[in-house]
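Coordinate-derived values only; no laboratory data. All of these numbers come straight from a predicted model, not from anything done at the bench. Cβ: placed from backbone, ideal geometry, glycine included. Neighbour counts: every protein chain shown.
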Amino acid sequence: MRLKDFIKSNVWLAILVSAIAVLACFCQAYENYLISPMTNSLRNSMLNSFIFFVTMNVLMAALGYLLRYLLGYLFVKQSQGYIHQLRNKITNKYFLTEYNTTPVSEMQSRLTNDINMLSDTYLDSLINILVTVLDIVFSSVVIIKFNFYLVFLILGLAGMVLFIPKLISGPLQKATNEVSLKNSKYLDIIDKWLSGLATLQRYHASKRMIATLSSNSHQLEQATVNKEAKSDILYSINTAVNMLAQGAVAMTAGILVLNKQIEFGAFFSILDLTSLVFSQLVSLTTFIAKIQSAKKLNTRVLKSYSSLLPKTKNVENLNFFDSLAIKDLAVHFNNGENICYPNIKIKAGEKILLSGDSGTGKSTLFKLILGEISPASGEIIFKNEAGKVINPDLTQIGYIPQNPKLFPGTIIENITMFDSHLNKSANIWAKRVQLTSDLAKFPAGIDTVVDLDKGNLSGGQCQKIVLARTEVYNSKIVLIDEGTSAIDSTATQVILQNLLKSSATIIFIAHNLTPEMHKMFDREIHLTNNK
């Protein structure tokens, strides 16, 4: 978050907020100034003057409260608009970043907890700093009117008020950053454990999950308590210094009254103005400390949307793709496991059945082809029809993973990926992947809304939708990883017949195919445990 970006998000509203803040603070200072003539009128038994100044005091107080209420409302309106823009920037950056490896839990934390923390510590502090500075300025002007030298005393004490709390600002910044890190870690743990909740329930393995979640929840709790403790210490120090400073000014003002250097009524105005000045100075140091405490967090959030996107090399369309070669390819895992692949060459239009025992790296090979992981050695070579090596646009490769991903929307929207121009093709491929009989079970047919919470679609139906999605987009290369594992044998055979008729290059991983289905492929590549 940056002040200039906040202002630019709605310049006219920012100007209006600033103008209202000036008027509200002027009303506050003038209200306190009126205490002096009001008190003097009462002391001198001047009833008419007393009534006039009381009325003016009440009007200034009412107008001040009204303006501060309006100020708060308009500021929230602008800050929420700015936050909305930030979230859009972060999600756009996340979407546009090629092969994003940022954990989903980190994105969840960034869009919720981190943004909310910055709103509380940064944006709220900005408006409060503006108001406190204006209150201090207007109050100081009024105090100068009563006695010029009092301002020097207040400035000296103000320096003390501003300096002492800096002693705690460093630990507070560290504590705020720790809350963000612990929250992100906790969300990651929740995601990893609760995504497999059904399996844990099946094997009655809840103890480890509960213990792990409890441990990380406790760490987040402790980090939050530590942050609040640091904030309380800062507040206590500020309050103590504030009380001492007000006492010193009150004593000085009393001496000035006794020496006939200021009027009696001015004493009460000075007390209220001094109270406001030092209270706002305390608030100012608190708000500045809050902004400083969120400095590291703010830097991380800024990087999540403002840093340059990875430079993408010039990529070429796969329309002229001719061959795919795997040469001396190997991948190493952190657990020490290594997978080495045989040299493979696949011509455009070939239909390949990729087989092999578990652990031979079939799914990993797909991720290597897609560029989602990098090999330890070797290369994957794409060539065009002229035999020239190309840098392909990997987003044009159709990919059907073991666990197909659907999104909130209708079945047809999940097939077309929200491109209504492809609706006609979607209906055609819904039939070819044997989805028609499934759609007949739903009153809304292909326009049925996918309920991700209740799961109104079976695993086989989800696979058919993703199969249709890939074909609708007419991918030149299609990687299918157990894409029919949840579909019955009869439907699988029909689906394969329709898929294999296309001109696309298809590499298919499957374990449930019959001998007849095996023969439908041009050839089979069998991987072994060559590590």
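Over 20 Å apart at the Cα level, from the set Lys345/Lys405; Lys367/Lys454; Lys347/Lys501, are Lys345/Lys405; Lys367/Lys454. By the count of other C-beta atoms within 10 Å, a proxy for reagent exposure, Cys462, Cys340 are ordered fewest to most as Cys340, Cys462.
Run the numbers for Ala386 and Asp232: contour at 0.36 nm per residue of separation, minus the present Cα-Cα distance, in nm.
Difference between extended and current length: 48.3 nm.
Note: relative contact order over the stretch 464-515, using C-alpha pairs below 8 Å and six or more positions apart, is 49 percent. Of all stretches in the chain that contain no GluC sites (Glu not before Pro) in a DSSP loop with at most 14 other Cβ atoms within 10 Å, the longest one is 99-336. Here, the stretch 396-442 is characterised by an Rg to Rh ratio of 0.96, where Rg is the alpha-carbon radius of gyration and Rh the Kirkwood radius.
Available extension along the chain between Asn334 and Thr410 is 23.4 nm, counting 0.36 nm per residue and deducting the alpha carbon span.
Would you work out which of Thr252, Gly483, Ile189 lies farthest towards the positive end of the dipole of the chain? Charges go on Cβ: Lys and Arg +1, Asp and Glu -1. The residue sitting most towards the positive pole is Thr252. Given in Å, the Rg to one decimal and the Dmax to the nearest whole number for the Cα atoms of the chain are 34.6, 112. The label point for Thr239 and the one for Asn343, both projected 7 Å from the Cα toward the Cβ, are 7.8 nm apart.
Loop-located trypsin sites (Lys or Arg not before Pro) in the stretch 341-396 (DSSP state not H, G, I, E or B) with no more than 13 neighbouring Cβ atoms inside 10 Å: Lys388.
Could you line up Trp429, Trp12, Trp193 from fewest to most neighbouring Cβ atoms inside 10 Å?
Result, fewest neighbours first: Trp12, Trp193, Trp429.
Where in the stretch 125-143 does the amide nitrogen come within less than 17 Å of the point 7 Å from the Cα of Glu263, taken along Cα to Cβ? Hits in the stretch 125-143 for Glu263 at 17 Å: 142-143. For the stretch 318-527, list log₁₀ I(q)/I(0) at each q in 0.11, 0.12, 0.16 Å⁻¹, using the Debye formula over Cα point scatterers of equal strength and ignoring solvent, two decimals each. Taking Cα atoms of the stretch 318-527 as identical point scatterers yields -0.55, -0.65, -1.09. Annotation for the stretch 405-468 versus the stretch 219-250: alpha-carbon center distance of 58 Å.
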